[in-house]
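> This is the structure, below, for whatever I ask next.
Just so you know, all these numbers are worked out from the coordinates, no wet-lab data involved. In this text, all values refer to a predicted model and were calculated from it rather than measured experimentally. Neighbour counts are summed over all protein chains in view; Cβ atoms, including those assigned to glycine, are modelled from backbone coordinates with ideal geometry.
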Amino acid sequence: MRLNSFKNKNLEELATLLAISPQNRPLKKFIEMGGLPSKKSEAYRYFNIESLLDGEYESLDYTPKVVNEGEEIVIENGVITTAPQGVRVYYEPCEQIDDDHFDPLYYLSHALYPRTIKIEVDGDRELKIVHRFTKSYAIINYRIVLFNQANRHSTIYESFEGELVQNSFIMYGYDMHIAPDSSFRVVKLQTLQNQNYSMLASHKINVEKNGSCIFKSFDLGGDHALQLIKVELDEYAHIDAQHLLYLNNDSKRGTVSQIIHKGQHSTSNQEAKNILDGASRGIFDALIKVEHSAKYTKAIQNSKAILLHDKAYMVSKPQLEIYIDELEASHGSTTGQLDPQQLFYLQSRGISAIEARKMLVIAFANTMIETIRDSRHQELIRNEFDKVFYSKED
Amino acid sequence: MITLDIQNLEAKIGEKQILKGLNLQLEEGKVHAIMGPNGAGKSTLSKAIVGHYDVSIVGGDILFKGKSIKDMEPEERAKEGIFLSFQNPVEVPGVNNAYFLRTALNAKRVHEGKEELNAAEFLRLMKSHLSELGMKPDMISRSLNEGFSGGEKKRNEILQMLILEPDVIILDEIDSGLDIDALRAVSEGINKMKDGKRSFLVITHYSRILDYIEPDYIHVLKDGQIVKTAGAELVAQLEEEGYDSIAIEQ
Ligand SMILES: Nc1ncnc2c1ncn2[C@@H]1O[C@H](COP(=O)(O)OP(=O)(O)O)[C@@H](O)[C@H]1O
Ligand SMILES: [Mg+2]
């Protein structure tokens, strides 16, 4: 399959080509938005989407398999293979997609995946979701619906494993429904290094009244990946989004997001820390929108970048779009280098230049890593960090 | 025995020549004080010795234990046993003070062919020095110099000196901004390091600290050169008559 062959097709033509009904809602939305994105599309301004769409990929068969019992939820090439006891994981069509997502591929992804993987996180628990990819030259596309019940508080650790996935293109994403008075903490850790797959993760997060979402992404290493996140906040709802990027080589990765305050007294706090080495490009293109209905909102947004190499480049676009006065909002963005005085100070005590750099880089990232409650998981992130630090090609 | 031998040193910061043929020899086991007016080049000299990137050496040489160090990396100089207590120690948020110091000490120990100290062994060592210096135990867990008061920063420099046990110790205005208690604690720390082997280079504006650390030699640095060397009695003359009274002896 070549996604580019969808270009300039109208709804009927595309429906026929994909053998799905022209009444399919995601497909209609996809066409309404103008079909395939280009480098002019808002969501992909800073990301090289066209070469991805131009690839020739094998399409996979997503026939459900027998689900084994295990400690974590494993989704292998878009199919559930393992789930823990007591967690409801099943397939069902997605009845609730976003009406107005900024990413056209959010809709295409929905249209191409006939079901969704539904995960009901009931009870207060920790859950691990492992995405496993083992197909090369393939398009791996799937959607997940995550939901809970009121008054529940759970944590999800998300990780990625890839073997033999050269030149594959992965599209996946969550439709997350966070019930009133409940909370979801999502901790994503993705180290890509010589795995040669590209990924678009297109999410929609709905936080209902008095609910709370904590979304922390740790994106390390190389290759190409983008997370596209749309968040809607109801009354008194809260999101705390933290994004750590640590890139090397010619990696291109980052976050494009829209946080929409719909309800009164909703709060958002979004923070990005970016460390860019080699000829990498980091992206933080993030809009916070406060609608008329969202009085007494509080929105804070901040991005900080450290460039470790003169070829590294940070696209940092924090934006606020505000329709009311009754709010508290701030945003900011800085880009700099490691402080030579600090480096020298460490070296003057006998610490090698390379270790001194590492100490400062980790120090910058630490404020985010330290917010992870589980100390083993903190350790895991630090180890991945070390790997990236020592593996760069100069 | 000469530990540090500075020969006809010429050094620039940017395009500006600061040190103009400076000669100075530090003797084993002795305390050398350098005094001189603001802007004379005292800090520049200390930075040249430790290899600071601001300073480029354009002439002369610096020998340590007979070997030229002017092309050595700063960390190599440190591991060889040269230590500078900075006039203005930089704050390093996010780098834990104890972790930093243990990394530094272990780098030196590895260099000397010794075993590294583990976290527990190091902590014991650090704690014993903290109490000697009248430093709070939370210095272990805080970030390196972050939010430290002027006095705390200077004590932290002395703590590093005590732990790293260097052979040549340069103290750049260690006394500035210290109250009398801090001055006493810092001086005691320095005096404890005197072992008849180590050399000290005490850069100061005021004679106050010299009451606590008795110098063997006083050098006057003016306009990029050492213009006079004498015994401790020179301090009194400088106090009374100022630096202008010193005629260039050459
Ligand atoms: N980073 C710098 N850039 C430019 N000039 C400097 C810098 N550091 C010091 N200087 C200049 O070098 C001269 C000597 O400074 P310094 O060695 O700090 O003097 P002292 O320590 O004796 O007061 C002064 O004229 C000062 O202005
Ligand atoms: Mg000075």
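> Normalised by the number of residues in chain B, what is the relative contact order in percent for Cα pairs under 8 Å and 6+ residues apart?
This gives 28 percent for chain B.
> Could you let me know the centre-to-centre spacing of region B:112-159 and region A:18-81, using Cα atoms, in angstrom?
Value for the Cα centre distance between the two parts: 55 Å.
> Under a 5 Å amide H to amide H cut-off, with H placed in plane at 1.01 Å, what residues pair with A:Lys118 once short-range neighbours are removed?
A:Tyr90, A:Tyr91, A:Glu92, A:Val145
> Just the ratio, please: alpha-carbon radius of gyration of the protein assembly as shown over 2.2 N^0.38 Å, N its number of residues.
Details: Rg = 31.2 Å, N = 644, 2.2 N^0.38 = 25.7 Å.
Normalised Rg, Cα atoms only: 1.22.
> Considering the Cα trace of region A:15-78, what is its radius of gyration and what is Dmax, both in angstroms?
16.6, 45
> If you average 1/r over every pair of different alpha-carbon atoms in region A:282-394 and take one over that average, what Kirkwood value in Å do you get? Numbers along the way, then the final one.
Details: mean 1/r = 0.0589 Å⁻¹.
After inverting the mean inverse Cα-Cα distance, the result is 17.0 Å.
> Let me ask something else. Please compute the Kirkwood hydrodynamic radius of region B:1-148 from all pairs of different C-alpha atoms, in Å with one decimal.
It works out to 17.4 Å.
> While we're on this one: Past the 25 Å Cα-Cα mark, which pairs from B:Lys30/B:Lys228; A:Lys209/A:Lys252; B:Lys47/B:Lys228; A:Lys204/A:Lys289; A:Lys29/A:Lys230; A:Lys28/A:Lys128?
Flagged as over cut-off: A:Lys209/A:Lys252; A:Lys28/A:Lys128.
> If you average 1/r across every pair of different Cα atoms in region B:74-120 and take the reciprocal, what Kirkwood value do you get, in Å? Can you show the working numbers first?
Values: mean 1/r = 0.0834 Å⁻¹.
With all distinct Cα pairs of region B:74-120 included, I get 12.0 Å.
> Let me ask you something else. Over the residues of region A:260-340, compute the C-alpha Rg and express it relative to 2.2 N^0.38 Å.
Numbers: Rg = 15.3 Å, N = 81, 2.2 N^0.38 = 11.7 Å.
After normalising by residue count via 2.2 N^0.38 Å, the value is 1.31.
> Averaged over all directions, how much area does the convex hull of the C-alpha atoms of region A:3-338 cover when projected, in nm²?
One quarter of the hull surface, i.e. the mean projection, equals 16.1 nm².
> So for region A:3-338, averaging the separation of alpha carbon pairs under 8 Å that are six or more residues apart and normalising by length, what relative contact order in percent results?
Details: 973 pairs, mean separation 33.3, N = 336.
Once normalised by length, the contact order is 10 percent.
> Using a Debye calculation, one point per C-alpha and no hydration shell, please list log10 I(q)/I(0) for region A:70-211 at q = 0.16, 0.17, 0.22 Å⁻¹ in order.
Computed log10 I(q)/I(0) values: -0.85, -0.96, -1.49.
> Another question, then. Could you pull out every residue, at least 5 positions away or on a different chain, whose amide H is within less than 5 Å of the one on A:Lys252? Hs are placed 1.01 Å off N in the peptide plane, and Pro or chain starts have none.
Amide H neighbours of A:Lys252: A:Asp223, A:His224, A:Ala225, A:Arg281.
> With θ taken as phi - 60° and the coefficients 6.51, -1.76 and 1.60, list the Karplus ³J(HN,Hα) couplings across region A:154-164 in order, rounded to whole Hz; mark glycine and proline as x.
9, 10, 10, 9, 10, 9, 9, 10, x, 9, 6
> Across 5 Å bins from 0, what is the distribution of all Cα-Cα pair distances for region A:1-120, in whole percents?
2, 10, 18, 19, 18, 15, 10, 7, 2, 0
> Take peptide B:71-80, look around each residue's Cβ out to 10 angstrom, count Cβ atoms belonging to other protein chains, and average those counts.
Counting other chains' Cβ atoms within 10 Å and averaging over B:71-80 gives 4.
> Could you work out the relative contact order of region B:82-165? I mean the mean sequence separation of Cα pairs under 8 Å and 6+ apart, divided by the number of residues, in percent.
Relative contact order comes out at 48 percent.
> Here's another thing I want to ask about it. With θ set to phi - 60° and the Karplus curve 6.51 cos²θ - 1.76 cosθ + 1.60, what are the ³J(HN,Hα) couplings of region A:217-227 in order, to the nearest whole Hz, using x for Gly and Pro?
These are the phi-based 3J(HN,Hα) values: 10, 10, 10, 10, x, x, 6, 10, 7, 9, 10 Hz.
> Explain nothing, just the number: dipole magnitude of chain A about its Cα centre with +1 on each Lys and Arg Cβ and -1 on each Asp and Glu Cβ, in debye rounded to the nearest 20.
460
> Amide H of B:Leu84 versus every other amide H placed in the peptide plane: which residues, excluding those fewer than 5 positions away on the same chain, fall under 5 Å?
B:Ile170
> Taking every eigenvalue of the Cα gyration tensor of region B:157-250, multiplying by 5 and rooting it, what semi-axes result, largest first, whole Å?
So the equivalent ellipsoid measures 25, 15, 11 Å along its semi-axes.
> While we're on this one: Whole-Hz Karplus ³J(HN,Hα) for region B:44-59, in order, using 6.51 cos²θ - 1.76 cosθ + 1.60 and θ = phi - 60°, x for Gly and Pro?
4, 4, 5, 5, 4, 5, 8, x, 5, 5, 5, 9, 10, 8, 10, x
> Sticking with this structure for a sec: Any idea what the dipole of region A:30-98 comes to, in debye rounded to 20, about its Cα centre with Lys/Arg Cβ at +1 and Asp/Glu Cβ at -1?
200
> If chain B were replaced by its equivalent ellipsoid, with semi-axes equal to the square roots of 5 times the Cα gyration tensor eigenvalues, what would those be, largest first, whole Å?
Rounded to whole Å, the semi-axes are 30, 21, 17.
> Principal axis extents for region B:82-165, Cα atoms only, whole Å, descending order, please.
Largest to smallest, the principal-axis extents are 36, 25, 25 Å.
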